[in-house]
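Each remark here refers to the structure printed beneath this line.
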Amino acid sequence: MKYRILLFFVLVVSAIVVAYVMTLDQQSVKTLPVIQPRDVKKEMVDPELLQVGMGHRIGDFSLLNQYGATITLEQVKGKVFVAEYFFTTCGTICPKMTEQMTRVQERFRGNEEVKILSFTVNPDYDTVQVLYEYAEKYGAEKQQWHFLTGSKEELYGLARKSFFVLKPAEAMNLGDAGSDFIHTNNFVLVDQELRIRGYYDGTSISEVNELMEDVERLISKN
């Protein structure tokens, strides 16, 4: 009888310990937000979307990459991808961002579930050939990292209506490709369902480290 009571006690205590440990594990797992237009600073969002609080997805696009191939939304749907806006003649934050993006590529090199999209903010200068040379300089993988150009209207529309990374004043201030043009240093993380899951400082090693961990979380969850 005493043996049965002791065994029952051990089983109860073990169950409590296991439940406690599982609770701690669940609390330690980071939950990524699903970012909606109304969660972002209003100056970054197209006025028509300011009050949208659910259901936002990255919109359709059709652009040319550094090889002259057409890249569309369909080709990244179902993948995790990291997006940025840059221009090749930038001498300030863009080189730092590109160097950090090479770290992202290296971490997920050969993983077909992860893509990188680098949209130019200066398509008048950043032609397919210019982007090809820039991509070659940084060792971009052909099937994984796409440097994209197209019409200014489409590129800037995506920035304000899909990714929320471009202020209205910036959209009207291209000027001479560079010296006075202010643009975002944000990397945008998009999940398999085309939802925005995070913004990260593309010049920061620690934030890019966090980005890569969050990419892993999305892959594992899928």
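Close amide H partners of Gly202, meaning residues 5 or more places away or on another chain with modelled amide H under 5 Å apart, are Asn186, Phe187. In this label model, Lys96 and Asp39 are separated by 2.6 nm, measuring between points 7 Å along each Cα→Cβ vector. Once C-alpha pairs closer than 8 Å and six or more residues apart are averaged by separation and normalised to the residue number of the stretch 37-221, the relative contact order reads 29 percent.
Ordering Leu211, Leu32 by the number of other Cβ atoms within 10 Å of each residue's own Cβ, fewest first, gives Leu32, Leu211. Note on the stretch 37-221: Cα convex hull, mean projected area over all directions, 9.6 nm². In plain terms, the chain from Asn111 to Thr70 could stretch by 12.7 nm, reckoned as 0.36 nm per residue minus the Cα-Cα distance. Among the lysines of the stretch 37-221, pairs at least eight places apart or on separate chains and with Cα atoms under 19 Å apart come to 17.
Every read-out reported here was derived from the displayed coordinates using simple, explicitly stated rules and does not represent laboratory data. Since the model is a prediction, treat every value here as computed from it, not as a measurement. All Cβ positions, even for glycine, are placed from backbone atoms using ideal geometry, and neighbour counts span all protein chains on display.
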